[in-house]
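First comes the structure, then the notes that go with it.
The values are calculated or read from the model by the stated rules, or taken from the named source; none is laboratory data. These figures come from a predicted structure and were not determined experimentally. Quick reminder, even Gly has a Cβ in these numbers, built from the backbone with ideal geometry, and neighbours come from all protein chains shown. These area figures cover heavy atoms from the full protein model, side chains too; ligands, DNA and RNA do not enter into them. Shrake-Rupley method; radii C 1.70, N 1.55, O 1.52, S 1.80 Å.
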Amino acid sequence: QVQVAESGGGLVQPGESLRLSCVGSGAEFGVMEWYRQAPGQWREFVAQSLRFGQKKYADSVQGRFTISRDNGANTMFLQMTDLRPEDTAVYSCRAFRFGTGRDYWGQGTQVTVSS
């Protein structure tokens, strides 16, 4: 069974950092992405990592968030620094199965930035 699962969310103060993880199982993945959804808002794109190198970020997180991955471990990370209250959201991982292109979503992990 193919699955992806996020972890690493929590409650932090403004200016602090968090590192999210997304672990895939049951397949190898090509493109992997992070999305987030704040209460009452549409889900929005955060960052994207291709299997071998290229990365893309939303303007709102550029320079503060860094996406990386360990292909051998089928794992993607999102290092978030200088967190702001507006970063509060449920962060979800989306992974595209290598070869078929089918996408899989995790359940999400809550990130709350508040003083």
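Here are a few things to note about the model shown:
- Of the set (1) of a type outside the set (Val, Ile, Thr); (2) closer than 18 Å to residue 15 by Cβ; (3) in contact with a strand residue (DSSP E or B) (Cβ under 8 Å, 6 or more places away or on another chain), all apply to residue 82 but (3).
- Of residues in segment 57-88 being small (Gly, Ala, Ser) and surrounded by 14 or more Cβ atoms within 10 Å (Cβ to Cβ), the one farthest from residue 33 (Cα to Cα): 60
- Segment 104-115, residues that are open to solvent by 40 Å² or more (accessible area, probe 1.4 Å) and among the β-branched types (Val, Ile, Thr): 112
- Of all residues in segment 89-103 being open to solvent by 30 Å² or more (accessible area, probe 1.4 Å) and of a type outside the set (A, V, I, L, M, F, W, C), the one that is nearest to the chain's Cα centre (by Cα): 94
- Among the residues of segment 14-56, those identified as open to solvent by 90 Å² or more (accessible area, probe 1.4 Å) and in contact with a strand residue (DSSP E or B) (Cβ under 7 Å, 6 or more places away or on another chain) are 19, 43, 55, 56.
- Strands (runs of 3 or more DSSP E) within segment 1-111 that include 1 or more residues touching a Phe, Trp or Tyr at 6+ places or on another chain (Cβ under 9 Å): 3-7, 18-25, 29-37, 44-49, 55-57, 65-70, 75-80, 89-97, 103-105
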